[in-house]
Amino acid sequence: MDRYALFGQPVSHSLSPLIHGLFALQFDQRLEYGLVNVGAAGFAGAVEAFFAEGGRGANVTVPHKQAAAALVAGLTPRAQMAAAVNTLRPSPDGLVGDNTDGTGLLRDLRDNLGIGLRDARVLVIGAGGAVRGILGPLLTEGPASLCIANRTLSTAEALATGFRGLGPVEARSLDELDRGHWDLMINGTSAGLAGGLPDLPRTLPARCAVAYDLSYSGHADTAFQAWAREAGTARSFQGLGMLVEQAAESFFLWRGLRPATGNVIETLRRGSGSGS
Ligand code: ATR
């Protein structure tokens, strides 16, 4: 049976084995998708061993996405732009690193939720690895403006400088979000991993038409999603759809088949607990 795996730490609550199993069933196929819980010191060796033993593809999650980019023989343009890899596939020339996170987000926003980005005012909160992975794809959609707001202003400024060549990007501190209106607000901070929320002005959600949390918690609202809704955002979503869409793109890279995602998202929404 073809073998795939997710490398990260922690990975025990990952929904990826279930998602890829459901994708394979759509084509009457079976595959094995395992979880490899590994720290920084063991990451490169574990990946090497997996592919030496015939692994057909792998996903990479926190905290190894940047390390994976340094490990591979080649990067796709979107992985290069993200400076991070979430998908590995073998090739005759060695491992190729790709990044399907941004594509996954765009598919969820555009195709599943009907949220267009052309000429939209977009606010992205956070300036870490997760945000770096989505900025390029967001900017290729042609927003009117993209504001990166971060607790540490200098990190947001560095990202804005790096991506300004792709579109109208500005940086702000979280305090400076006490003014302005946005069509879409995206939470890309890792605050939710510890059950927390970034310290944002209470008036912000009422000035944003849509809130989207890159994190997800399954059937329940994430803390950010609930906060946004209660404070006045008309529509608020979590990243479960993005999770499934980035997985579908990985599946396509590995197996050349594009799975349908709607039923899989619905299954997870109804049935899942929290996960990473
Ligand atoms: P990831 O790979 O998940 O993006 P990361 O690269 O460590 O993780 O980035 C975490 C991001 O979440 C950063 O933008 C961080 O802000 P700082 O640059 O100021 O550290 C942000 N973040 C994490 N916890 C936060 C909190 N409680 N409030 C606000 N921002 C937070």
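The values are calculated or read from the model by the stated rules, or taken from the named source; none is laboratory data. Model, not experiment: these values are computed from the prediction. Heads up, the Cβs are rebuilt from the backbone with ideal geometry, glycines too, and the neighbour counts pull from every protein chain shown. Keep in mind that these areas ignore ligands, DNA and RNA; they rest on the heavy atoms of the full protein, side chains included. Shrake-Rupley method; radii C 1.70, N 1.55, O 1.52, S 1.80 Å.
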Using the alpha-carbon centroid of each, what span in Å lies between region 219-274 and region 1-42? 17
To the nearest 10 degrees, the tilt of helix 262-271 (Cα long axis) against the first principal axis of the alpha carbons of the chain is 80
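Is region 102-240 rounded, prolate or oblate when judged by the Cα gyration tensor, a ≥ b ≥ c being the square roots of its eigenvalues, rounded requiring a/c under 1.5 and prolate requiring a/b larger than b/c?
Values: a/c = 1.37, a/b = 1.15, b/c = 1.19.
In terms of gyration-tensor shape, rounded.
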What is the distance, in nm, between label points placed 7 Å from the Cα along the Cα-to-Cβ direction at Leu166 and at Leu253? 1.5
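Using only alpha carbon positions, build the gyration tensor of the chain, then give the equivalent ellipsoid semi-axes as the square roots of 5 times its eigenvalues, largest first, whole angstrom. Walk me through the numbers on the way to the answer.
Details: eigenvalues 191, 85, 56 Å².
Ellipsoid semi-axes (Å, largest first): 31, 21, 17.
Antiparallel versus total DSSP beta bridges in the chain: what percent is that, nearest 5? Before the final figure, lay out each step's value.
Values: 7 of 42 bridges.
Antiparallel: roughly 15 percent of the beta bridges in the chain.
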So in region 39-99, what percent of DSSP beta bridges are antiparallel if you round to the nearest 5? 80
Take the alpha carbon atoms of region 126-153, find their center, do the same for region 43-108, and report the distance between the two centers in whole angstrom. 21
For region 1-68: accessible area per residue (Å², 1.4 Å): 49
Of the trypsin sites (Lys or Arg not before Pro) in region 186-263, which ones lie in a loop per DSSP and count no more than 11 other C-beta atoms within 10 Å? Arg202
For region 79-175 the GluC sites (Glu not before Pro) that pass both the DSSP coil test and the at-most-11 other-Cβ-within-10 Å test are none
Apportionment of accessible area to carbon and sulfur, the chain, percent (1.4 Å): 52
If you count only protein heavy atoms with a 1.4 Å probe, what accessible area per residue comes out for region 150-265, rounded to a whole Å²? 44
Within 10 Å of each candidate Cβ there may be at most 16 other Cβ atoms; applying that plus a DSSP loop requirement, which chymotrypsin sites (Phe, Trp or Tyr not before Pro) in region 1-109 survive? Phe27
